[in-house]
Each structure stands twice: as structure tokens, then as C-alpha cells.
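Structure, as C-alpha cells:
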Amino acid sequence: MRNLICIVLVFLISCSTEEKPLIEKVFLNDGWEFHQLNPDQPTWYPAIIPGTIHTDLLKNGLINNPFYGCNEKELQWIGETDWTYRKTFQMDNEFISRPNMLLIFEGLDTYAEVFLNGQKILSANNMFRKWEVDCKSFLIEGENLLEINFESAENRFIRDSLALGYPLPGGKWVFARKAAYHFGWDWGPKLVTAGIWKPVYLETWNDHRPVEIQLFTGEITRKKAEINTEIFVNSAISEKATLTVTKTTTGKRLARKEIFLSPDLRKYVLDFSIHDPILWWTNGLGEPHLYELDFELKTGSGFTWSRHIAYGIRKVEVVNENDEYGQSLYVKLNGVPVFMKGANYIPQHSFVTEVSDDDYRKVIQTAVESNMNMLRVWGGGIYEKDIFYEHCSRNGILVWQDFMFACAMYPGDADYIENVKQEAVRQIRRLRNHTSLAMWCGNNEADEGWHNWQWQKTHNILSNDSATIWQGYRNIFHKLLPETVAANDPGRFYLHTSPMHGWGRAESLTHGSAHYWGVWWGREPFEKYLDKIPRFMSEFGFQAMPALATIRQFQAEEDDFLFSDALKCHQKHPTGYPTIDVYLEREHLNPKSLDEYIYFSQLVQAKGIGMAIEAQRRAMPYCMGSLYWQLNDCWPVTSWSGTDVNGNRKALQYKVKENYQDILVSILMHNDTSSIYLVSDRLEATEGKLQLMVFDFHGSKIWSYERGINIAANSSSQVVSFSMKSLLGGNEATKCFLKATFSDGNDTYQSIQFFRNYGQLVLPEPELKFEVVQLEDEFEIELKATEFVPFVHLYLTEGNAIFNKNFIHLMPGEKYRVTCQCKLNPDEFRKQLRVKGLGDYLAGTN
């Protein structure tokens, strides 16, 4: 009996000391409704939070799909209208009697006035800030009413610009701390959103509120890595507490420290070591190893707070210093200079709340499969959700992070600068623990625009106003942001702008980052990429049409002609199609149908950007980065992207995958000479065999060359060169191609180069056959042809699909297998599948 009593007492004691969370959250995302502000007879409609006004209108059947046809034009009234949202929620006496309570909005878009039970508690003016309001005195027992009025950002611009008294070059986004691309871009629609775009909740605590945690990697040796942790806690009382850190995967405690919590906001330090550390490497160089770490704060009174951080041990240095050529810009990872291979990333949807967690997984998987190691988050979009950076960290993708400023000059008054400061502090502290974060950049093309785009003349800016505007620029990008980075993310590299110099200036090729747009904007030939090689190319690009299945999302099949109204509405560059036409003509391609235009534009895009990437990689270590514009789209559109909004990969994306391999075989045909380069990103030398062969289009070998090669680690070198005449041996250039292959015994890398432009090739008429086999979770297509077939294109007429390989060069008699992931059943897949080679398309244009 005595034993039983003891057991009961122990149980009761354990229950009485049960751990309780330091912070509790009550989410308020459900039960919202909305209507247009101040109508005569308002009708309330249900709203989905997080969301935007456009998605709420669409889901209630009040507007047509903004992406279909030219509907965008008819929906501009939404962005010019004020809107109100509301919800009610119940509070009991126990809850509202708690000592500390905040109402927290993770994101309000953008100009918002918040009322609680009829009392105005907040005026918000920044989409990128987290808004916290002490709401305890405004809550009542029973039913509470929360209302938010959103002012049109479009209308607010007019008011703010008139009040300023002088023009600010750029767009209507300059006053609004809001995603600039919502106001329209040369690849995106103008859909000026408003709404509650991130979660809303009440947060309560009694005596202690942990607010921040930051990890620093100290000294790293083979045997040990020192990790420093800083935790900031806001306390109302003094109390003993314990800090611990454990490995999630094993439960092993790495450190434990007794601390004494004191009133006010204070910093507490916890240092620990990881023995025999596994370093984090980028995609292609090694394992992006992350340590799963659990941090816990436990007070003497039994309250706990915990945070999980996936942390990679690595040292990232961005080197930007004067050298014999000008000024370098490159990344050193764990002491090794690494060529950055990647792309610019924009928001994945015009309505940011429509991007799912799986969408983030897919877009980063595309980057990984394309052999990328860096993405640049462009400054006209948003600071992405944490899941984006987590996927980058887990997959070895470094992130170049712009602050959200693009292609404009901005106000420099004290209120604006303070608003930007709070935004920067919030985002820096949120993102700084992500292993993928490599650097911060102040803005996209604002400095270039001021010095290169004749803004002063175009906007008739007086000299005094010009000095004021430039001083405002310096206050934000040369003072505020670098100081804020240094204070909140010490040791991280900050670049004030990209590019460092405009593409018309000589310094653009010798100093830091460059955006080269002579190709496309200047309509210069692709061959210019051979000469215009900077230290780090952070933007360059060329447009192509999206997949037919994506076009089918915004126009019916009967409208598939060049150029329908819908196709024009889904081309946002003012001279987009005429510019594409210039390059098609140079390639001797003459599309007469939509199907041909899709194919030819994608081929030319891949050729031009592929040529640029190869030139930049060949120039290593002078050039140490290649980030093309752009990886993805935010809606169905003809743009510079390598993948369209549905994830369908253009020819460019397959070319990028080839050109970003760890070993690049590059054929440079220039001035009647063919030179072969081998470029290696590997950290060790590679021995192998180089083989060159010239074939005619019937598959007959007419010339060959072979030799052993030892490629130095992390290097680029020209290994052999031949005259075009010796390669062709009297054969017609329009009927032959050069194939270069390098093999190290395990992997084989190859490149195929034609001696003439695509439209000049004289191709035989092969018998191209294919068979489809359904596998467990994908389809396999086996291809075979009787003659050489270049650029075999596989696509679906209506369904979206990802082919593991595409735009394939098929040798005579060779069996080639391609897999495809899509959601169609076997019958529908076979019905929609199309397989065509370059010769099929050329035949249609003759």
C-alpha cells in the first residue's frame, strides 16, 4: 500500500511540474470576410487568409481568371479600389487576463489601418514588415471584432508623388514598400494586390519572451568546429534558466548552460563544439550536410521555449577587391574559389499566396537537376518564405539576396528610411541562420539607371532635386543597409548594387558584377557574348515562348495563330516578338505557325544563352559567375525564363543542365577555327580521354581525333584547335557536325556543334519512331531514327510535363530513352505526346 501511495505522489508531482510553453499563439486565419470599402450597400464575401484581394474575388466567382486572354486589362479597377476585411473571435476572461499579449501580422499588403473593437490600433505601410501591436487593453470578454481597411497602393502613389514635389525616376512602386513586380514588369502583368498575405495570430506570455537566436561558425578544423549561439530574451522578472542544444537525429546533448534571466531585452551566449565536422558544400562539389539542432530554454518555474535550426558548417567569403584587371567578385567556399552557376529567381506567382510548399520543392529541384549552385533572389519581388531558403540549404544552392529595391530611385526622408530600416532588420534576422544565404545586395539596377538611363533628362529633374535624390540613394544603399547588415548579420558580404557599372561602360567588364543586355535590348548578335565577359555576370538573357500546354491556359486552340490578341497580351516587352524575329532571321529560321514559333524561339534562346555561359566559364578565373535571367515565371507568358509558370522546361533549361555540369566540353567556332576547351569545377585533377569526330547527317564518320587529357582542378584551358577546313575535309558545311566527347572512365561529357546556322542545315528525311512504356510513376519513351535527327523535341499538346531529357540529338540506329513525369493516364498521354526533330519543323517553313 505504501508503495502505491508513493507512485501516486510521484505521478501528481510530475503532473504539477509539467513543462509549459513560454509563448502561446492563437491563430486568427479563419473566418474572415471582405467587401469593397464604403459601398452604398456592402455585401460581405468569405475570404481566405493568407490571401490577396484578387484571389478572394476569383474564388468567390466575382472576377474572371486574370491570366486568361486579355482579362488583366479589365481588372485594373481592383488595384485602384480600397478594400476592407473583418472577422470576429471569442475571448474568455482567463485569456485576456494574461499579462502580455500581442496581435501579430506577419504580412499586410500594404497600406492598412487596423481596428480592434472599433479602436484604431495600427497603421501599416510596408508589405515586408512584421507588425506587432500590444492589444491587451483593446480586447474584451466575449466577441471581438477585428477590421482592416486596405488603401489602394495605386492611388496612394499619386498622393505621395504630388506631396514630394519633384519626380522620382522608376515606377509607381517607389513610395510603396511593396513587391515592385505587382505594378507590372516586362515579363509580368500589372495586378496591384492588397490583403493579409501572411498569418495573423495573438501571442501571449507571462514573464519571458525569447525573440531572436543567431548562430555563428567560429574556427573550423578537421577535428572540431566551434559554434557560437546568441539568444535574445525579453524578461519581466529575474529567474534562473537552462540553455541546451542537442542533435535532433541522435538526441545527443552538445551543450548545457545555466543562465540568469534578467529584466529587459538581454543577450545570452551558448558556445558549443561539433567534433569531426562534416562541411557543407554546394551542389556538385560535395554533400550539403546539415546538422539538425534543437535549442531549448527552460526556466526554473518550468516554462520552455525551443527552436529547431538546420545548420551547415561552412565558410563563405565573397571576395570583392582590386586586382590587376580591375575589381574581382567571386565566392570562396571553405577556402576554395567556386564558379557560381545559376539563375535569377523571381516570385513564382503574381499572387504570392498561391505558391505551395511543393512548388518551392519543385523549383529548387529544377535548379539542382540543372547543376546550379546559386540563385539570385531579385530585388523587385519579395523576401521569400523560409521554406525556399531551407530547400536551398538542403540542396547545396547558395543565395544571392537582393533587398527589395529595383530599377528606381527612392525617397530619402526620415520616415521612409526608418521604415526601410525596420524592414531590413526584420528580414536580416529572419534569414541569417539559413546556410544557403551567401550575400546581401542593396538593389537591382538603381545605380545603373541613375548613371546610364538618362533619368535626369527624361524626367526633367533640376540640379538641386538631382542632388537630393542621389543623397537619398546614398543614405539608403551606402549607409543604412550596410550598417544594418553589419549590426545584425556581421561578417556577411554586402554589395550596394548590381550591376556595378552599366553595360555600355568599359568598367562593366572589369569591375564586379555586370548585367549585359547588348544582346536582346541592343539586338547585338550572340557572338558579342564572346567578347563581353565580365568578372561576374549576374544578369543576361533572351526570350522564348512557353510550352504549348501553358499557352493553352490563356487561349483556345482556334486562336493559335501569329500573333493573336492573347499572345500579344502575354508578351510584356514592348518590342518582344520583333526582337525575337531579328534573331530568328539571323538563324535563317522562318516560323509560319505557333508550333514552329515555340520551337524555334526556344532553340535560339538556348543557343544564345548557352554560348554566353560557355564563354563565361571558359574565362575562369577572370570570370567567376554566370546567373542568367531568369529561372522561372510568375504567370503564363513569353519571357526570358528557362522554365515556364507550370514547370515545363524550355530548350534553354536542358542546355543549362549540360553547360553547368562539373566538367564542360566547350567548342568555340570563331574566325574559321574550331577550338576545344575543357573546364572543370572539380577540386581534384581529372584524367581522361578527349575524342573529336565529324559526322555527316547520315551518321558516317568523316574525321576523328583522340588524345589523353589531364584536366587541372578548378580550371579552364584550351586543349586543341583545328581549322574548319581540316575538319570538313571537303564535305559540305551544311551537312556535317562536330562532336566532342570527354570521358574520365566513369562519366562522359559531350558537345555537338554545327558548322552553319540551324536554318541552313540540309537535313535528310528520317524515319523517326518512338514507343511509350508506362513505369511505376512515370512514362518511358524509346526513340529511334534511321538518320541523324538534331534537336528532337518531345512535348504534350495540353498537359504539363517534365522530361528528363529533351531537344536531343539522335544518331542513326541509336536507341534513346527519355522519361516523363506528368499527371495524365496512359491513353491520354499517348494521345497528347508529340515527337518532332528540327527537320520536321524546317519542312513546315519551306
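The values are calculated or read from the model by the stated rules, or taken from the named source; none is laboratory data. Just so it is clear, the structure is predicted and the values come from calculations on it, not from any experiment. Don't worry about glycine lacking a Cβ; one is built from the backbone with ideal geometry, like all the others, and counts go over all protein chains shown. Side chains included, ligands, DNA and RNA excluded: accessible areas come from the protein's heavy atoms. Shrake-Rupley method; radii C 1.70, N 1.55, O 1.52, S 1.80 Å.
Below are the figures for this structure:
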quantity: Prolate/oblate/rounded label for the stretch 460-504 (Cα gyration tensor, a/c 1.5); calculated: oblate
quantity: Accessible surface of the stretch 338-443 [probe 1.4 Å, protein heavy atoms]: carbon and sulfur percent; calculated: 43 percent
quantity: Among the listed pairs K172/K532; K198/K332; K87/K572; K607/K784, those beyond 30 Å (Cα-Cα); calculated: K172/K532; K198/K332; K87/K572
quantity: Portion, in percent, of the accessible area of the stretch 115-159 that falls on carbon or sulfur, probe 1.4 Å; calculated: 45 percent
quantity: Per-residue [θ]222 nm for the chain (sum of -39500 (n - 2.57) over DSSP H runs n ≥ 4, rounded to 500); calculated: -6500 deg cm²/dmol
quantity: Global form of the stretch 621-752, assessed from the alpha-carbon gyration tensor, a/c cut-off 1.5; calculated: oblate
quantity: Acute angle (nearest 10 degrees) that the helix 153-164 long axis makes with the longest principal axis of the chain, alpha-carbon atoms; calculated: 80 degrees
quantity: Accessible-area composition of the stretch 210-275, carbon plus sulfur, in percent [1.4 Å probe]; calculated: 48 percent
quantity: Which of A713, N65, P764, positive extreme of dipole for the chain (C-beta unit charges); calculated: A713
quantity: Ranked by how many other beta carbons lie within 10 Å on average, peptides 230-238, 108-116 from highest; calculated: 108-116, 230-238
quantity: Considering only the chain, percent of DSSP beta bridges that pair antiparallel, nearest 5; calculated: 85 percent
quantity: Set K223/K655; K592/K769; K689/K725 screened for pairs whose C-alpha atoms are more than 30 Å apart; calculated: K223/K655
quantity: Under 13 Å from K240, Cα to Cα: aspartates and glutamates that are on another chain or at least 8 residues apart; calculated: D207, E258
quantity: Chymotrypsin sites (Phe, Trp or Tyr not before Pro) lying in DSSP loop within the stretch 415-515, provided at most 10 other Cβ fall within 10 Å; calculated: none
quantity: Dipole of the stretch 322-386, positive direction: furthest Cα of L333, W378, A343, with charges on the beta-carbon; calculated: L333
quantity: Long pairs among K267/K315; K73/K650; K257/K298; K657/K805, criterion Cα-Cα beyond 21 Å; calculated: K267/K315; K73/K650
quantity: Reported label for calculated Cα extents along the principal axes in Å given [x] 128, 73, 67; [y] 79, 74, 57; [z] 97, 70, 66; calculated: [z]
quantity: Peptides 807-814, 635-642 ordered by average Cβ neighbours within 10 Å, highest first; calculated: 635-642, 807-814
quantity: Rounded accessible area per residue of the chain, 1.4 Å, Å²; calculated: 41 Å²
quantity: Interchain or long-range residues, amide H under 5 Å from V519's placed H; calculated: E524
quantity: About the Cα centre, charge dipole magnitude for the chain (Lys/Arg +1, Asp/Glu -1 at Cβ), debye; calculated: 1780 debye
